[in-house]
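Notes to accompany the following structure.
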Amino acid sequence: MPTRRTILRAGVLAGAGVAASACKPLSPEKSTSVIAFHGLRQAGVQTSPQSHLVLLGIDLTPKSGAEDLGRLMWLWSDDAARLTSGQPALADTEPELAVDPANLTVTFGIGPRLTQLVSGVTLDPLPHFSTDKLQERWGQTDLVVQLCADDLISLTHAQRMLLKDMAGLGVLRWTQSGFHQRTDDGSSGRNLMGQLDGSVNPRNANEHDALVWADGAWKHGTFLAVRRIEMHLDTWDELDREAREFTIGRKLSNGAPLSGGKDEFADPDLHATDKHGFALIDPASHVARSRSAMNGPQFLRRGYNYVEPTDGTSGLIFMAYASDLAGQFVPVQQRLAEQDLLNQWTQAIGSAVYAIWPGAPKGDYVGRAQLGLPR
Amino acid sequence: MKALSASAPRAIARLAACLLMIAVGVVASLPLPAQAHVLLLRSDPADGSVLKEAPTRAVFEFNQPLAPTAYVILTGPDGPLTTGPVKVQAKTLTLTLPKVTDGRYRLAYRVISASGHPLTNSISYVVGKIAPRTMKQPPRERSPDWIAATGVGAVVLLGIGAGWFVVRRKRQRQTGSPQ
Ligand code: HEM
């Protein structure tokens, strides 16, 4: 809740109109709701998932090059820095909507075509997976903007401001909106199949750094695989609890592995057997098939649930962040395409990959250094 | 004092009747094999059969079409044995069995119905003439049968208890002496 003082100030700013953004910046009253935009790495990756997501797939207008991309990144970075700190965007016509950023993060990335503008970085499209039924309308784009926040007003406002910025430079191809269940006790939020989703994830920033953050030319950047996966909830609903738990290899109540353990953070034991000698976590279950031999996270999963308002279908906007998609994500997706009991109720309908820029220090903008442009 | 002691048996009888209804409810709500569940209809060899010669293959027939994922574990007097690959076709699971000596065998199976319901169980059979108990029996586990049996037991006991109170109350009314 904004205090009266912030509302008053915002009112004054609103009166000032466009000039507002030139005023002294608002000092954020709710420091906990501000996640710094500038830094070595972009926010919104290792950030604990906020309640709402808007993912924008954007194509650069034809014939635009590194300079145009740089200009767009400059405009975007400037407004993202303002909005995430609770200040209105430049030329913000609704500055009140920027007062409480509600943990807003804005994260920028580029698709395989634009990585060619950056030396030393290559990003290959994903190979075809046998289970895919991809729709063109959720396909690869030149650019991605991931906006996340705990409040839909601030999120929607930021979305609109950034889309305004790209006039003449980019074309919006798709928008993927999602939601995440935030919990108070550190447990993972549930997906629309009722499962705790996100248990095995790189939580220890130091230990798992190399899983997520790239090195070399893309140091402090990362790579993102976006998979739009529809859930067939009508047939999933016909399964009893035992069958649902069997399919994943974990309990629905608390996410504990079927091999035992007190909660979702207990290590699944793929060798534990029942009285007949069969594995308690079935070898074809989602956990058994997706798990690595190393018994630990393989990349960062930061998924959001979606409901498609036009036709009522729903599913998961699966997002995997990895320092090397080909080495970390592709083998897992390959295994799941070969066999995964869950495949019966899921269908990948969209797919795209992006290189997520390294962060920019204060006073700089995202992508400038990598594009080799002057300050 | 008197009124209190006279109404106490009635209260207990009411409580017993109440508990009886709850118990009936619990038993009625126990999971029963629903339509969606996959069940073994028959197997060859049949469960508990005694065979003169070792079977060369096993066939399981279920009430529903199966998913391609299925597993078996064959255990004999000397431990686990390797079987041929498991073949799933429609509602049937087939596999070839290895040559074995006389003894008691257990063939455990796990199948998944095409709709996604798993079923894990086992059959056992004897090949040739054998002394009883040549194979270790798996430890018995608490099964829904056990829970159901306890539920039925509780209902019967409660029923007897309630009946006893009713009879007792009647008798007390007739004799006019509450205690
Ligand atoms: C709608 C689709 C999906 C659903 C509902 C789903 C659900 C789940 C659930 C409930 C878990 C167990 C809890 C956890 O560790 O978070 C899990 C684990 C996991 N999933 Fe998925 N998942 C889906 C798609 C995918 C895809 C497409 C991939 C990768 C290609 C994937 C990779 C993984 C991995 C790596 C784990 C951790 C396994 C471990 O180390 O134990 N999942 N998923």
Residue list for segment A:207-237, filter: among the charged types (D, E, K, R) and surrounded by fewer than 16 Cβ atoms within 10 Å (Cβ to Cβ): A:Glu207, A:Asp209, A:Asp215, A:Lys219, A:Asp234, A:Asp237
Residue match in segment A:270-290 (condition: away from every other protein chain (no Cβ under 14 Å), surrounded by fewer than 20 Cβ atoms within 10 Å (Cβ to Cβ) and within 21 Å of the chain's Cα centre (by Cα)): yes
Among the residues of segment A:195-206, which ones are near the ligand (Cβ under 9 Å from one of its atoms) and more than 15 Å from the chain's Cα centre (by Cα)? A:Gln195, A:Leu196, A:Ser199, A:Val200
List every residue pair whose Cβ atoms sit under 9 Å apart, with the two residues 6 or more apart in sequence or on different chains, where the first one lies in segment A:182-196 and is under 23 Å from A:Ala243 (Cβ atoms) and the second, anywhere, is of a type in the set (Val, Ile, Thr) and near the ligand (Cβ under 6 Å from one of its atoms). A:Met193/A:Ile248; A:Met193/A:Thr346; A:Gln195/A:Ile248
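If you check A:Ala266, A:Ala320, which single one turns out to be without any contact (Cβ under 8 Å) to a residue 12 or more places away in the chain, within 12 Å of the ligand (Cβ to nearest atom), away from chain B (no Cβ under 14 Å) and surrounded by 16 or more Cβ atoms within 10 Å (Cβ to Cβ)? I'd like the intermediate steps shown before the answer.
Numbers: A:Ala320 fails: without any contact (Cβ under 8 Å) to a residue 12 or more places away in the chain.
A:Ala266 is the lone residue from the list that is without any contact (Cβ under 8 Å) to a residue 12 or more places away in the chain, within 12 Å of the ligand (Cβ to nearest atom), away from chain B (no Cβ under 14 Å) and surrounded by 16 or more Cβ atoms within 10 Å (Cβ to Cβ).
Restricting attention to segment B:61-74, report how many residues are within 14 Å of chain A (Cβ to nearest Cβ), assigned to a strand (DSSP E or B) and surrounded by 14 or more Cβ atoms within 10 Å (Cβ to Cβ).
Start the filter on segment B:61-74 by keeping residues that are within 14 Å of chain A (Cβ to nearest Cβ), which leaves B:64-74.
Narrowing further to those that are assigned to a strand (DSSP E or B): B:66-74.
After this cut, where a residue has to be surrounded by 14 or more Cβ atoms within 10 Å (Cβ to Cβ) as well, the list is B:66-67, B:69-74.
Residues meeting the conditions: 8.
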Identify, by number, the condition in (1) part of a strand (DSSP E or B); (2) open to solvent by less than 40 Å² (accessible area, probe 1.4 Å); (3) farther than 21 Å from A:Asp340 by Cα that B:Pro80 doesn't meet. (2)
For segment A:233-263, which residues satisfy the criterion of being in a loop (DSSP other than H, G, I, E, B), under 12 Å from A:Ile281 (Cα atoms) and within 14 Å of chain B (Cβ to nearest Cβ)? A:Gly249, A:Leu258
For A:Ala256, work out the one condition from (1) hydrophobic (A, V, I, L, M, F, W, C); (2) without any contact (Cβ under 8 Å) to a residue 60 or more places away in the chain; (3) out of contact with any strand residue (DSSP E or B) (no Cβ under 8 Å at 6 or more places or on another chain) it doesn't fulfil. (3)
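The values are calculated or read from the model by the stated rules, or taken from the named source; none is laboratory data. Owing to the predicted nature of the structure, the values given are computational and were not obtained by experimental measurement. As a convention, Cβ positions derive from the backbone with ideal geometry for all residues, glycine included, and neighbour counts pool all protein chains shown. Side chains are part of the model used for accessible areas, which takes the heavy atoms of the whole protein and leaves out ligands, DNA and RNA. Shrake-Rupley method; radii C 1.70, N 1.55, O 1.52, S 1.80 Å.
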